[in-house]
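Heads up, the thing below is written out as structure tokens.
Every read-out reported here was derived from the displayed coordinates using simple, explicitly stated rules and does not represent laboratory data. Note that the structure is a prediction, hence the values are computed from the model and not measured. Counting neighbours? That spans all protein chains shown, and the Cβs are built from the backbone with ideal geometry, glycine included.
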Amino acid sequence: MPTKAVLFDLDNTLIDFMKLKRMCIENAVDAMIDAGLELHKTEATNIILEIYFDSGIENQRIFQDFSNKVLGREDYPIMAAGINAYRRTKVSYMEPYPHAISTLTELVKRGIKTGIVTDAGKMQAWIRISALKIRHLLDIVVTFDDTGKQKPNPEPFKKALNELNLEANECLFVGDWIERDIAGANSMGMTTCFARYGSEKKVTESHANYEIDDIRDILSII
Ligand SMILES: [Mg+2]
């Protein structure tokens, strides 16, 4: 079957989320030091990374947790400085991976349909898509809110196929999360591609049909 559509995961597949996170943390630490935090930048950065590692990368109370951990209390001027710098950085630096835009553009030129299947909520996903300026390059977007199910559940994949009016074996799925993206798309019968560049873990077996180090490599797969 020739590939008629390429479907992408969003975070760490199209968006360099980890790089963004690191920049947010660094700028937040600088701002907290200016607000009176008496710690070296590296030390403070490492403590925040540790808290994220223990509590999950989506921890929404990271600055409260950090303040409690290093100061034994919630220091509002310091937390506020960190939160402002973090948010400012997040809004200004949300960027696609190198070659993501040119790859999407080339797919569109070749007449191949494109889409996103993400576990992010609808608003979060659209804020990211808008920041990346890729809306015009996408035929479909399926978010968590569209099915209420997370990958590897078949529902988000089915929804994407329905909207594209295609069969699973006509689609290539690209993602960085083996248990969700690759396992889910594999069990649907899609061709799968592991975005090795988006994964911080050492992976020995991805179970994907292809593995790539640069998003542009998709163009030679299809
Ligand atoms: Mg991902």
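General remarks:
- Subset of region 194-222 [more than 20 Å from PRO152 (Cβ to Cβ) and part of a helix (DSSP H, G or I)]: TYR197, ILE215, ARG216, ASP217, ILE218, LEU219, SER220, ILE221
- Contacts under 6 angstrom Cβ, first residue in region 3-26 being more than 16 Å from the ligand (Cβ to nearest atom), partner of a type outside the set (Phe, Trp, Tyr) and part of a strand (DSSP E or B), 6 or more apart: THR3/LEU172; ALA5/LYS113; ALA5/CYS171
- Taken as a whole, the condition of being hydrophobic (A, V, I, L, M, F, W, C), within 13 Å of the ligand (Cβ to nearest atom) and within 17 Å of the chain's Cα centre (by Cα) does not apply to ALA131.
- Taken over region 194-212, residues that are more than 21 Å from LYS113 (Cα to Cα), over 16 Å from the mean Cα position of the chain (by Cα) and among the acidic types (Asp, Glu) amount to 1.
- Residue within region 47-66 that is surrounded by 19 or more Cβ atoms within 10 Å (Cβ to Cβ), more than 20 Å from the chain's Cα centre (by Cα) and not in a helix (DSSP H, G or I) present: no
- In the set (1) within 14 Å of the ligand (Cβ to nearest atom); (2) closer than 30 Å to GLU170 by Cα, GLU58 fails one condition alone, (2).
- Of the criteria (1) among the hydroxyl-bearing types (Ser, Thr, Tyr); (2) without any contact (Cβ under 8 Å) to a residue 12 or more places away in the chain; (3) within 16 Å of the ligand (Cβ to nearest atom), which one TYR97 fails: (2)
- Unmet criterion (only one of (1) more than 16 Å from the ligand (Cβ to nearest atom); (2) of a type in the set (Val, Ile, Thr); (3) closer than 25 Å to TYR197 by Cα) for THR147: (3)
- Every condition in (1) exposed (fewer than 13 other Cβ atoms within 10 Å of the Cβ); (2) touching a helix residue (DSSP H, G or I) at 6+ places or on another chain (Cβ under 6 Å); (3) aliphatic (A, V, I, L, M) holds for MET79 except the one numbered (1).
- Filtered by the rule that a residue be outside any helix (DSSP H, G or I) and within 19 Å of ILE112 (Cα to Cα), region 175-193 gives GLY175, GLY189, MET190, THR191, THR192, CYS193.
- Among (1) in contact with a helix residue (DSSP H, G or I) (Cβ under 9 Å, 6 or more places away or on another chain); (2) closer than 25 Å to VAL91 by Cα - the single one THR191 does not satisfy: (2)
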